[in-house]
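First the structure, in the form of structure tokens, and then the observations on it.
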Amino acid sequence: MATIAFSTPPRPTRIAFPFKVFLPLSLPSIVLLLFFAAPMGLMLGLSFQDQETGTFTLASYGRFFSDELVLAGLGRTVVMSGLVATCVTILAYPLAYYLARSTSRWRTLVFALAIAPELAGVVLRTYGWLVILEDRGFINSALVWTGLISEPLPLSKNLFGVVVGLTHVILPFGVLSLLTSLQGINPNLEKSAQILGASRLAVIRYIVLPLSVPGIVSSLLIAFTMAASAYATPALLGGAAFKVMATMVYEQVLFYIDWSFAAVMANVLLAMMLISAFVGSRLESRLQQKLHL
């Protein structure tokens, strides 16, 4: 006699949460939460707090956007950071391209010289530029001694001196950012274009530059954010009259002891960096889409 076996549908298996996968991320997440997210949250809350009564207020933000000196400092910070980012990227690109394509024995020496500024402190490098650019510095003394000028040129205590100093400080980061992007470009593409009759300039313009757009945008963003948050170089090379957001935050905390207003300045500076990063990422994606089309 035949028996009929009834099959029961299989029970749905439970999907176990992969704790082991996220376990290595737990310690970095805790560190970022304690030493970055929590202080940023406290600073954000401090910006809405009255300095005397401790109550919630928007007076500090209203003061920020109505103070002409503070807005001038914000504009000066944007101009300074934009100039530094442009100078760093322009100067770093040919150096990074040489390091990415060269097989010469001098490549190691050039790479060492490119990152050598990072071996010294920011203050030390800034004082070095101060000795070179000040009124009685090397450049002005040499020009006066040769008779080319009669009075020292204003090379320091202004925007020019700060841009020169920050470009020197941030240049290694631009080189490393562009070097990573250029090393990802297949050299055979350039060789094939030259075999087909393209000149070296045409290869750089139509192949290397479009393919290195991510590195260019990354270099611009890194240089812009580092310049906007720099304090030592603008304070030393810019002088007391050259006010940027970083030096103004320092003054509010140390001299005026107005932590609420300093928190507002820091939040606005952070927002400016985030906006620049968002605009840069959107620009990069659009350029890549256009190039792929």
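The simple spin-label model puts a point 7 Å past each Cα toward its Cβ; for ARG101 and LEU287 those points are separated by 1.8 nm.
For the pair PHE36 and VAL123, the difference between a 0.36 nm per residue extended length and the Cα-Cα distance amounts to 28.8 nm. In terms of its C-alpha gyration tensor, the stretch 228-279 comes out oblate, because a/c is 1.5 or above while a/b does not outweigh b/c. Assuming charge only on the beta carbon of Lys and Arg (+1) and of Asp and Glu (-1), the dipole of the stretch 57-291 about its Cα centre is about 900 debye to the nearest 20. For the stretch 45-133, with all protein chains in place and a probe radius of 1.4 Å, 71% of the accessible heavy-atom surface sits on carbon or sulfur. Under the combined filter of DSSP loop state and at most 10 neighbouring Cβ atoms within 10 Å, the stretch 82-167 retains these trypsin sites (Lys or Arg not before Pro): ARG105, ARG136.
A simple spin-label model places pseudo-atoms 7 Å from Cα toward Cβ; at ILE195 and LEU109 they are separated by 3.4 nm.
Taking other residues whose beta carbon is less than 15 angstrom from the beta carbon of TYR231, and scoring Lys, Arg as +1 and Asp, Glu as -1, yields +2. A Förster radius of 35 Å, combined with the Cβ-Cβ distance separating ALA116 from LEU143, puts the computed FRET efficiency at roughly 0.80. Computed with a 1.4 Å probe over protein heavy atoms only, the accessible area of LYS290 comes to about 150 Å². Taken per residue, the accessible surface of the stretch 221-289 reaches 47 Å², heavy atoms only and a 1.4 Å probe.
The modelled label-to-label distance for the pair LEU71/TRP259, using points 7 Å beyond Cα in the direction of Cβ, is 3.0 nm. The HN-Hα couplings worked out from phi for the stretch 198-207 by the Karplus form 6.51 cos²θ - 1.76 cosθ + 1.60 (θ = phi - 60°) are 6, 6, 5, 5, 5, 5, 5, 6, 9, 10 Hz, whole numbers, x standing for Gly and Pro.
Protein-only accessible surface at a 1.4 angstrom probe places the residues ILE195, ILE149 in the order ILE195, ILE149, largest first.
Near the amide H of GLN49, within less than 5 Å, lie the amide hydrogens of THR57, all on another chain or at least 5 residues away, with H placed in the peptide plane. The simple Förster model, with R0 at 51 Å and r as the Cβ-Cβ distance, assigns MET43 and VAL131 a FRET efficiency of 0.90.
Applied to the stretch 88-93, the Karplus parametrisation 6.51 cos²θ - 1.76 cosθ + 1.60 on θ = phi - 60° returns per-residue 3J(HN,Hα) values of 4, 5, 5, 6, 7, 5 Hz, with x for Gly and Pro.
Surface calculation, 1.4 Å probe, protein heavy atoms: ASP50 sits at approximately 50 Å² accessible.
Computed on the Cα atoms alone, the convex hull of the chain gives a volume of 307 cubic angstrom per residue. Comparing LEU189, VAL208, ALA38 along the charge dipole axis of the chain, the residue lying farthest to the positive side is LEU189, per the Cβ-charge model. Treating r as the C-beta distance of LEU274 and SER26 and R0 as 30 Å, the FRET efficiency rounds to 0.70. Across the options VAL217, ALA246, ALA232, the greatest Cα extent toward the positive end of the charge dipole of the chain (unit charges at beta carbon of Lys, Arg, Asp, Glu) belongs to VAL217.
The values are calculated or read from the model by the stated rules, or taken from the named source; none is laboratory data. The shown structure was predicted, so the numbers you read here are calculated from the model rather than taken from an experiment. Glycine gets a Cβ as well: all are built from the backbone with ideal geometry, and neighbour counts include every protein chain shown. The accessibility values were calculated without ligands, DNA or RNA, using every heavy atom of the protein model including side chains. Shrake-Rupley method; radii C 1.70, N 1.55, O 1.52, S 1.80 Å.
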